[in-house]
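Read the structure below first, then the notes.
The values are calculated or read from the model by the stated rules, or taken from the named source; none is laboratory data. Keep in mind that this is a model prediction, so the values were computed, not measured. FYI the Cβ positions are ideal-geometry reconstructions off the backbone, even for glycines, and counts take in every protein chain you see.
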Amino acid sequence: MAGVLEGIRVLDFGRYIAGPFCGTMLADLGAEVIRIEKLEGSEDRWVTPVAEGGEGAMFLQMGRNKLGMTLNPVKPAGREIVAKLVKASDVVIANLPYEDLKKMGIDYDTISALNPRIILATNSTFGSEGPYATRVGFDTIGQAMSGAMHLSGDGEVPTRMNAPYVDFSSALLSTIGVMAALMDRARSGKGQKVETALLRTAINIANGHLIEQALLGLDRKATLNRGFTAGPSDTFKCKDGWIYAMTIGQPLFVRWCRLMGDEKLADDPRFKDDLARGDNGEALSAIMQTWCETRTVAEALAALEANRIPAGPVYTPQQALDDPHVREAGFFHHMAYPGMAKPAPVLQEPVMLSRTPLTIRHRAPRLGEHTDQILQELGYDAAGIAQLRADRVV
């Protein structure tokens, strides 16, 4: 079945996550995405190696459904190839400093002059405006500067989320921007620049906390896993593992009190509403911790589910892989790759569409795997390709 973006060509100059995962989403939606790397391979290809060739876990996820090409766009012959690609493409993705885009000939002024219909999707740490515009950074810089790290951990040591949520969120926002730009181009015939920034994304996610601070000046401190504005909302240790449970809203709290065997808690002025329960959450967490200590994870979750109180087990990565719901709902596409002992579990569909589903059509490319094919499509013959290789252009 053809994807909704069949016929759209994307040039992915991205690195790591914020750029490449936007390309991955567009590829899953049916676009032809060409991942363009340095001749020795981009750094993100080798992060957390899991294959004999050194390819990393993250690249297997980001590279699915893409064609792979090596290219040095700084050399004159490389700039010529970039120009030909841009003329024949719809979208360029590049999460690189804007000065680097100019050196590579993929800044918006350059590529829009070649192809007025082209859409450029850029991501940087701080955006193209403001005093930090030329600084570089990664996901955790966004976490740190948005206030999120200050509000995470034990209140003594600011704590980052190990999963790079700022990068992935930026990529998803970029994907939305590209889809909107394609819709506009269908009406106007013109491309445009789509810009995201890690700090902007991180502040968007933390915005509610920042609004509260601006209006109320509470200067909140981190409370480990205990919620600020609800309770009990925390992690709890059972006889054989941990769970997370969250009670928010009066109906849930009344049901929780009944489950705890103390319905009078619902009339306690310390727990009169969600905000009060958050302020006095330590006392509520202590009650539930005592309840959990005599139960296994399965027993605690069964009782919570019977009372319709949201809760779930705190999994190790292996337990997440083994979860029966994850398995039976078909979350993973098991993707083989050369030099890998067994197929990698790559998430099948981040978004499910009933009529035009996202699909994984092929594995991530080996380094430069489709370079010759793409150059031939651009009009280069065998001798020309051989000379480009000899000159270290591709």
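Quick notes
- Residue count for the range 317-369, restricted to those that are more than 23 Å from residue 4 (Cβ to Cβ), loosely packed, with under 10 Cβ neighbours inside 10 Å and not hydrophobic (A, V, I, L, M, F, W, C): 6.
- Screening residue 149 on (1) surrounded by fewer than 20 Cβ atoms within 10 Å (Cβ to Cβ); (2) at pLDDT 95 or above; (3) touching a strand residue (DSSP E or B) at 6+ places or on another chain (Cβ under 6 Å) shows it passes everything except condition (1).
- Of all residues in the range 345-394, those satisfying the criterion of being within 18 Å of residue 57 (Cα to Cα) and among the hydrophobic types (A, V, I, L, M, F, W, C) are 346, 347, 360, 364, 367.
- With a requirement of 3 or more residues that are under 27 Å from residue 224 (Cβ atoms) and either in contact (Cβ under 8 Å) with a residue 60 or more places away in the chain or of a type in the set (A, V, I, L, M) (or both), the strands (runs of 3 or more DSSP E) lying completely within the range 281-394 that satisfy it span 311-313.
- Within the range 131-148, the set of residues being under 18 Å from the mean Cα position of the chain (by Cα) and not aromatic (Phe, Trp, Tyr) comprises 137, 139, 140, 141, 142, 143, 144, 146, 148.
- Residue within the range 259-274 that is among the hydrophobic types (A, V, I, L, M, F, W, C), assigned to a helix (DSSP H, G or I), more than 30 Å from residue 162 (Cα to Cα) and under 34 Å from the mean Cα position of the chain (by Cα) present: no
- Filter result for residue 270 (within 29 Å of residue 216 (Cβ to Cβ), without any contact (Cβ under 8 Å) to a residue 60 or more places away in the chain and either aliphatic (A, V, I, L, M) or surrounded by 15 or more Cβ atoms within 10 Å (Cβ to Cβ) (or both)): no
The rows are residues; the columns are (1) within 21 Å of residue 5 (Cβ to Cβ); (2) surrounded by 17 or more Cβ atoms within 10 Å (Cβ to Cβ); (3) polar (S, T, N, Q).
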{"position": "158", "(1), (2), (3)": "no, no, no"}
{"position": "161", "(1), (2), (3)": "no, no, no"}
{"position": "175", "(1), (2), (3)": "yes, yes, yes"}
{"position": "201", "(1), (2), (3)": "no, yes, yes"}
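- Residue within the range 131-145 that is modelled with pLDDT of 95 or more, closer than 29 Å to residue 219 by Cα, of a type in the set (Gly, Ala, Ser) and assigned by TED's automatic domain parsing to the domain that holds residue 20 present: yes
- Qualifying residue in the range 186-194 (condition: surrounded by 15 or more Cβ atoms within 10 Å (Cβ to Cβ), outside any strand (DSSP E or B) and either among the small types (Gly, Ala, Ser) or touching a residue at least 60 places away in the same chain (Cβ under 8 Å) (or both)): yes
- Residue in the range 300-312 that is surrounded by fewer than 13 Cβ atoms within 10 Å (Cβ to Cβ) and under 23 Å from residue 50 (Cα atoms) present: no
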